[in-house]
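In what follows, a structure is listed as C-alpha cells, so that the remarks can point back to it.
What follows draws every value from the coordinates through simple rules; no lab data is involved. A quick note: this is a predicted structure, and the numbers were derived from the prediction, not measured. Cβ sites come from the backbone with ideal geometry, for glycine too, and all protein chains shown count toward neighbours.
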Amino acid sequence: MAGLGFHNFFAKDKTFRPKKKFEPGTLRYNLHKHADETLSAGIDIRETVKLPKDEELNDWIAVHVVDFFNRINLLYGVISDYCTDESCPIMSGGPKYEYLWCDNDQYKKPTHLSAPKYIALLMEWIEKQINDETVFPVQVGIAFPKNFQSICKKLLSRLFRVFVHVYIHHFDRISQIGAEAHVNTCYKHFIYFVTEFNLLRKEEIEPLIQMTFRMCPDLIEKLSKKQ
Ligand SMILES: [Zn+2]
C-alpha cells in the first residue's frame, strides 16, 4: 500500500507540523531564546549545553527536548519522501539493529514496522507527551512531575533513533541537498546535551558510536566508560 496511510503522515502539508512554543515572557521562553542565540553565535556547543547558573535543570531539559523534537521533525521532513515502506521496510539502524515499536496502546507487544510507520508513531507519541501540560508544564511555577527526567530519557532515546535511521539510510539525500553541516550540528548539539546530563544510555548510541567519536573526539573517554 505504497503512498497510503502512514507514509502520507509526513506528506508536504504535514511536514511542518505546529511547533510546540513557549509563551513569550516566561522563564522557559527566555531559556529557549538563550539556547538558540548562543548556538547561532557559533559558540562551542560543549559550552552551550551546560546548565546556566541559577537555572533549574528540569527547565533546561524541557526546552531542549522540545527544541530537539522540532529540529528532528524538520530534519526527517527533508527526507520523508524518500523513506517509504518499500525503501525502508524495517526500522533498522544498519544491518545489526532493528527497532521494534511498542506503545502500550495500539501496539502492546514489540512490533516490526516499516521505518516510516515507526517514525510517524514515534513523532506522534513524543508530540503527545510534550503537549501534555502535566508532563511539560507551560506556566512558570507549576512543578514538573517527579518522573520528568525518566520520561525525558525515554523521549530522547526514541528521538535518537530518527538520527540513526537518517544517518545510516538517508545520508546521501542529506548530502545532495547540502544539509550535511546542518544535520551534523544538530546531532552534535543533541549528543553533547544528552552526554552532559546522562540522559541517553550508551547502548542506544552504539549504532552511531564510531561516527560520534569522529565528530566529538572529546566524548570518547566519557562514552567508553561502562554505565
Ligand atoms: Zn527510511
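Inter-label distance, Y97 to E196: 2.3 nm, where each label sits 7 Å from its Cα along the C-beta direction. For the listed residue pairs K50/K188; K50/K222; K50/K154; K188/K222; K108/K202, the alpha carbons are over 19 angstrom apart in K50/K154; K108/K202. Since only L113, Q210, L199 are under comparison, the one whose Cα sits farthest along the positive direction of the charge dipole of the stretch 100-222, derived from C-beta charges on Lys, Arg, Asp and Glu, is L113. Take 139-148, 89-98 and order them by the average number of nearby Cβ atoms within 10 Å per residue, most first; the result is 89-98, 139-148.
For a straight C-alpha distance cut-off of 20 angstrom, the aspartates and glutamates reachable from K128 (same-chain residues fewer than eight places away being disregarded) are D13, E23, D59, D67, D103, D105.
Bridging of K225 to aspartates and glutamates at a Cα separation below 15 Å is possible for E196, E203, E204, E206, once same-chain residues fewer than 8 apart are set aside. Placing unit charges on the Cβ atoms only, positive for Lys and Arg and negative for Asp and Glu, gives the stretch 45-148 a dipole magnitude near 360 debye about its Cα centre.
The phi-based Karplus calculation (6.51 cos²θ - 1.76 cosθ + 1.60; θ = phi - 60°) puts the 3J(HN,Hα) values of the stretch 211-216 at 4, 4, 5, 5, 6, 10 Hz, whole numbers, x for Gly and Pro.
Peptide packing: for 47-56, 60-69, the average count of neighbouring Cβ atoms within 10 Å per residue gives the ranking 60-69, 47-56, highest mean first. Tell me the label-point distance for the pair E206, D218, using the 7 Å Cα-to-Cβ offset, in nm and rounded to one decimal. So the label points at E206 and D218 sit 2.8 nm apart.
Gain on full extension, evaluated as 0.36 nm per residue between K53 and W125 minus their Cα-Cα distance, stands at 22.7 nm. For D85, the residues whose amide H sits under 5 Å from its own are G3, ignoring neighbours fewer than 5 places away on the same chain, with H placed 1.01 Å from N.
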